[in-house]
1. When you scan the stretch 6-109 for helices (runs of 4 or more DSSP H) that lie fully inside it, which ones turn up with 1 or more residues that are among the small types (Gly, Ala, Ser) and in contact (Cβ under 8 Å) with a residue 60 or more places away in the chain?
2. Restricting to the stretch 74-99, name every residue that is of a type in the set (A, V, I, L, M, F, W, C), surrounded by 15 or more Cβ atoms within 10 Å (Cβ to Cβ) and touching a Phe, Trp or Tyr at 6+ places or on another chain (Cβ under 9 Å).
3. Identify the single condition in (1) surrounded by fewer than 19 Cβ atoms within 10 Å (Cβ to Cβ); (2) closer than 27 Å to GLN21 by Cα; (3) in contact (Cβ under 8 Å) with a residue 12 or more places away in the chain; (4) out of contact with any helix residue (DSSP H, G or I) (no Cβ under 8 Å at 6 or more places or on another chain) that SER127 does not satisfy, given that it satisfies every other one.
4. For the stretch 1-25, enumerate the residues that are within 15 Å of ILE128 (Cβ to Cβ) and over 18 Å from the mean Cα position of the chain (by Cα).
5. Looking at the stretch 92-145 only, could you name the residues that are under 14 Å from LYS73 (Cα atoms), acidic (Asp, Glu) and modelled with pLDDT under 85?
6. Filter the stretch 26-59 down to residues that are among the small types (Gly, Ala, Ser) and over 19 Å from the mean Cα position of the chain (by Cα) and give me whichever is farthest from SER127 (Cα to Cα).
7. Could you check the stretch 1-40 and list, in sequence order, the residues that are at pLDDT 95 or above and aliphatic (A, V, I, L, M)?
Amino acid sequence: MVEIDWNAVNTRELCKLFAEQVCRGNHPNTYLNSVGYAEVEKGMKDRLGIEVSKLQIKNKWDKLKEDFKAWKKLLLRQTGTGWCPIKGTIVMDDEWWKKARADIPGCGKFRKQGLQNEEELQVCFGSIISIGTDHWSPHIASAEE
């Protein structure tokens, strides 16, 4: 299969297709089902004239999910930071970003540009990722008592 140019336009359309399939129920667990993959393949061909394979779609799904997860974790660290509404980025010094990159793999790319297609990615991944805010540890609870 030919390598896909995942530029902003192609990625945006793919994210729309992913979100459509999730909303249609073609997402029984953490991935699309066979109908969802087939619809995304067809949608990419119809809308952009690009032929993609199920493997290419799955690989891009995985990559977008990791980006979304890193972005959400990064936003949790944002308290007390600056924000650039034009770029949609956190404005902090090099030391803050160095620590963030060490703690959150893959977040460095968001220093210059925020997460693209966040609304669609929220539809796709919002209910299937864990960023550490919804866990309870009995060890921590007993230490506080």
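The values are calculated or read from the model by the stated rules, or taken from the named source; none is laboratory data. This is a predicted model, so every value here is computed, not measured. We place every Cβ from the backbone using ideal geometry, glycine too, and count neighbours over all the protein chains shown.
1. Working: elements: 8-23, 34-48, 54-76, 94-103.
Ranges flagged: 8-23.
2. Hits for the stretch 74-99 are LEU74, ILE90.
3. Going through (1) surrounded by fewer than 19 Cβ atoms within 10 Å (Cβ to Cβ); (2) closer than 27 Å to GLN21 by Cα; (3) in contact (Cβ under 8 Å) with a residue 12 or more places away in the chain; (4) out of contact with any helix residue (DSSP H, G or I) (no Cβ under 8 Å at 6 or more places or on another chain) one by one, SER127 breaks only (3).
4. GLY25
5. Listed by number, the list holds a single entry, ASP134.
6. Step one: list which residues in the stretch 26-59 are among the small types (Gly, Ala, Ser), which gives 34, 36, 38, 43, 49, 53.
Within this subset, residues satisfying the condition of being over 19 Å from the mean Cα position of the chain (by Cα) are 34, 38, 43, 49, 53.
Working: SER34: 20, ALA38: 23, GLY43: 24, GLY49: 31, SER53: 25 Å.
Within the stretch 26-59, the match that is farthest from SER127 (Cα to Cα) is GLY49.
7. Within the stretch 1-40, ALA8, VAL9, LEU14, LEU17, ALA19, VAL22, LEU32, VAL35, ALA38, VAL40 qualify.
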